[in-house]
Amino acid sequence: MNKVNYWELFLDRIKLLCRRKKILFFSLILPLLIMGIINFMMTALLSAREEGNIELGIVRDEKEMAAYSFLNKGEFHIVYGDKEKMQTLLLEKKIDAYLVYSQVPELHMSDMGRKQAIIKGYIDSEIQRMDSQNSNSKLIVNMTEPIALPDKKCLAFLYITSLLCILGARWGFEEMKELIPNQSAVSKRLLLSPVPKEKLLLFHLACVYILQTGCILIFSFIMLKTIGKHLQLREELYLATVAAGSLGSILAGAFFGTLKRINQKVKDVLLNGVLIVMLLTAFFTPAASRYFISDKLPYLTFLNPPALITEMLYCIALQNGLFVFLKDSLLLFVYTLAAGICLYLRYKWRKE
Amino acid sequence: MVIEVKNLVKRYDRIIALDYFNLMVKEGQIHGILGPAGSGKTTLLDCILGLKKYDKGSILLWGKKMDRDSYELKKDIGVVLEEEAVFEELTLYENISYFCSLYVGDKQKVKEFTKETIEFLGLEDFIKLYPKKLSPGLLRRLSFACGIVHKPKLLILDEPIEGADPHSRKKIMDSIQELKNRGTTILYISQNMDEIEQLSTEITMLDRGRAIAQGTKEELKNMISLGEKISVEVYSLSEEQMKEISQLPNVSGTEYDNRTLIMKAKKGRNNLMTLLDYLQERKIPFGRIITEMPTLDDVYLEITGKELG
């Protein structure tokens, strides 16, 4: 008998994975659906900005004459006056909100809608920038300006890339079903083959890794060809982030698959739940909280690897924030290494 | 000796799954392991294949210790499991070829072996079908094909025809016989007495993890006192006549139900003649007569006091 022909096995394995409907759903259809939702939300939000109809009142204090930079943006129609006048205008709904401009700025609103959210976003960013002038890099300012991102397509692109990386966890999880006895019938047959089980694990994970990263790169290639001009990505960093992100996700998902004492179906649902929570946290953390976590509790991000990947992609897209990028890369590396070691140990020393 | 299991003990907490179990399987033999559900068959299989650790004893395959990392030994072993262990996403051909590739490196050989196996099991018309589209019988044949495609020297079968239709059942049984003729050693694990009796050259009976009897089917049948079972169609029998029949020489038990008299006789000559003489003497009219030699079920029943189920 000759040595095992891994190339032939690899081709068959890729064919098999491409026919797996569940994985295709999670890797292609679901991200596209989410992309559509994000796109719709962004369009709705940004349409309000483009119309230039946000009525904002400013109560000036003579000692604080410095103006916020965002007030010069076209979408605002500014009304100046004293506090009483602004209150009346707000009650009559002639303005959307008014800002008392002082050391500690106050924003007054009669209700909370799209326009108010935009104003709030700008003020969040402005305050952070003013605070960061002394202690933080420019990067954090940019990263905590979700509303001010240059292009909605860019944001959607970053989200979907990040999502595709993170969904690698599902690929890894599905692979483990085939490699752990009692989880599928085929696992017994595979483990009884003369291929060492460590090699089998490596081979299966390598196949999904290559296929998953390939999928993301194809998606990215199409996106870069179509909206590339807007993105101005540092491509080598982008590729490195995708490669590291999907590897971490696959290993984490595979490790989750080795957990014992949890029913397979429960594990499946649990993984989906954890992924959804992590993704929502990574994508929709408000600017202020994101800033607070980056500044005060940087290692909290470690609990949510999707946030690391998303943040790294932000840095690349905005071409800013080397420190945060390096910090996140390091954390992601540690996380991936830990997931890999835990997976190997659990797989290798798994009791019958 | 291909398989040598000595004093194997396997416990699950307080439950003893295998209790000082011994097994010897010679080369070129079909060795049947017969036992009801829960008797320890699958645990034995898992221990032999290195999937489960055992508490005491030893397992040698071709004189070498078998454990989960014995990859050299695994090359020569083929396994057909009770459940269909195939990939849903691959066609019948691709499945057989994939499992062959795990054992055989040469691409041409993989093709050759796959084609041979497909022809051997009569699966030519279904090569492009996915497992979901196959009938249970064809699925069994596919699973069997995946286990034998790399031409193993030792084939371990765990209920290989469970759930198969008669045609597939026959095809698989014929294939097993053919593989034996080609020199493959086969360990056949089942709770179906007929399969084991039909195929096996040697049989081990398993009960609560212990080997309660071992030998050829003739040797096993000779172990028990039951000689034969005689069924006679009799239109009426009184209680007194039944009593007299049960007192005839060598009779170990009688039953009368639905106009049929069943007489179980111990080993001895002229049991049938003695019964017929009695019926003629008493002028009791009788019809069809059937005599049956003891089955493995009878052997199991006499040794353990319970049926194979």
Unmet criterion (only one of (1) touching a residue at least 24 places away in the same chain (Cβ under 8 Å); (2) within 30 Å of residue B:77 (Cβ to Cβ); (3) away from chain B (no Cβ under 14 Å); (4) surrounded by fewer than 16 Cβ atoms within 10 Å (Cβ to Cβ)) for residue A:198: (3)
Qualifying residues in region B:142-158 (those that are open to solvent by less than 10 Å² (accessible area, probe 1.4 Å) and away from every other protein chain (no Cβ under 11 Å)) - the one farthest from the chain's Cα centre (by Cα): B:149
Any chance residue A:192 is on the phi < 0 side of the Ramachandran plot, in contact with a strand residue (DSSP E or B) (Cβ under 6 Å, 6 or more places away or on another chain) and either free of Cβ contacts under 8 Å to residues at least 40 places away in the same chain or within 10 Å of chain B (Cβ to nearest Cβ) (or both): yes
Selection count, region B:117-141, where residues are more than 24 Å from the chain's Cα centre (by Cα) and among the basic types (Lys, Arg): 3
Residue in region B:9-17 that is at the interface with chain A (Cβ under 9 Å from one of its Cβ atoms) and open to solvent by 10 Å² or more (accessible area, probe 1.4 Å) present: no
Residue B:111 being assigned to a loop (DSSP other than H, G, I, E, B) and open to solvent by 10 Å² or more (accessible area, probe 1.4 Å): no
Members of region B:246-275 that are in contact (Cβ under 8 Å) with a residue 40 or more places away in the chain and more than 16 Å from residue B:224 (Cα to Cα): B:271, B:272, B:275
Residue that is least open to solvent (accessible area, probe 1.4 Å) [pool: residues in region B:215-245 that are without any contact (Cβ under 8 Å) to a residue 24 or more places away in the chain and touching a strand residue (DSSP E or B) at 6+ places or on another chain (Cβ under 8 Å)]: B:215
Matching strands (runs of 3 or more DSSP E) fully within region B:192-309 where at least 1 residues are in contact with a Phe, Trp or Tyr (Cβ under 7 Å, 6 or more places away or on another chain) and more than 30 Å from residue B:157 (Cα to Cα): B:226-234
Flag for residue A:104 being modelled with pLDDT under 80, part of a loop (DSSP other than H, G, I, E, B) and either in the same structural domain as residue A:122 (by the TED database) or basic (Lys, Arg) (or both): yes
Residue within region A:273-296 that is β-branched (Val, Ile, Thr), at pLDDT 75 or above and in contact with a Cys (Cβ under 7 Å, 6 or more places away or on another chain) present: no
Residues (open to solvent by less than 40 Å² (accessible area, probe 1.4 Å), part of a helix (DSSP H, G or I) and in contact (Cβ under 8 Å) with a residue 12 or more places away in the chain) located in region B:75-97: B:92, B:95, B:96, B:97
One residue from B:60, B:92, B:134 being under 21 Å from residue A:188 (Cβ atoms) and at pLDDT below 95: B:134
Residue match in region B:52-70 (condition: within 14 Å of chain A (Cβ to nearest Cβ), open to solvent by less than 10 Å² (accessible area, probe 1.4 Å) and among the hydrophobic types (A, V, I, L, M, F, W, C)): yes
Out of B:106, B:125, B:165, sole residue that is within 26 Å of residue A:5 (Cβ to Cβ), modelled with pLDDT under 95, open to solvent by 10 Å² or more (accessible area, probe 1.4 Å) and not aromatic (Phe, Trp, Tyr): B:106
Residue count for region B:107-128, restricted to those that are over 21 Å from residue B:77 (Cβ atoms) and more than 14 Å from every other protein chain (Cβ to nearest Cβ): 9
Qualifying position, being at positive phi and buried (at least 20 other Cβ atoms within 10 Å of the Cβ), among B:32, B:40: B:40
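The values are calculated or read from the model by the stated rules, or taken from the named source; none is laboratory data. Keep in mind that this is a model prediction, so the values were computed, not measured. Positions of Cβ are generated from backbone atoms using ideal geometry, with glycine treated the same way; all protein chains shown enter the neighbour counts. Calculation scope for accessible area: heavy atoms of the full protein, side chains included, ligands and nucleic acids excluded. Shrake-Rupley method; radii C 1.70, N 1.55, O 1.52, S 1.80 Å.
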